Structures are given as structure tokens and as C-alpha cells.
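None of the figures in this text is laboratory data; all of them are computed from the coordinates on show. The structure displayed is predicted, hence computed values, not measured ones. Cβ coordinates were reconstructed from backbone atoms using ideal geometry, including for glycine residues, and neighbour counts include every protein chain displayed.
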Amino acid sequence: MGLADKAKNTAEDLVGKAKEAVGDAKNDDKLKAEGQADQKKSSAKQAGENVKDVFKG
């Protein structure tokens, strides 16, 4: 996995966590769900990249 991909996935995860926290603080279920979805998407991308790394090595 490239360093740029890792950085993008980490950034997306952090944005998701921030959205979730703000949504929770404001009682905004839509924003909270959006943040959780961003985190799941980031995790899925990370897993895909890890699989690619296994087959490269």
C-alpha cells in the first residue's frame, strides 16, 4: 500500500470520527450516521489495500 493511500484512508477515518462526534453532540442522527459510514468506507478500503499487499509480497 502506498503512503498516499494510507494517508487518505486515515484522513477519511478521522473526518468520519469528527462527523460522528459533532452529530452526537448536536443530536443530529443524519450527521452521526454519515460519520459512521465514512469510517466503514475507510476501513473497507484499508482492508482491500492490505489484501493487495499480501499478494504483492
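Where does the charge balance sit around E34 when Lys and Arg score +1, Asp and Glu -1, over other residues with C-beta under 13 Å from its C-beta?
Details: positive: K17, K19, K26, K30, K32, K40, K41; negative: E12, E20, D24, D28, D29, D38.
Taking every other residue near E34 into account, the sum is +1.
Relative to the current alpha-carbon distance between D24 and A47, full extension at 0.36 nm per residue lengthens the span by 5.6 nm. Could you work out the Rg to Rh ratio of the chain, with Rh taken as the Kirkwood radius (inverse of the mean 1/r over all Cα pairs)? Reported Rg/Rh (Cα atoms, Kirkwood Rh): 1.14. Calculated FRET efficiency, K56 to L14, Cβ-Cβ distance, R0 = 35 Å: about 0.85 to the nearest 0.05. Here K52 is the anchor, and the lysines within straight C-alpha reach of less than 23 Å, apart from those fewer than 8 places off in the same chain, are K6, K8, K40, K41. When the chain is described by a simple charge dipole with +1 on each Lys and Arg Cβ and -1 on each Asp and Glu Cβ, the residue from S43, V15, V54 located farthest towards its positive end is V54. Computed from Cα atoms, the angle from the helix 3-25 axis to the main principal axis of the chain rounds to 20 degrees.
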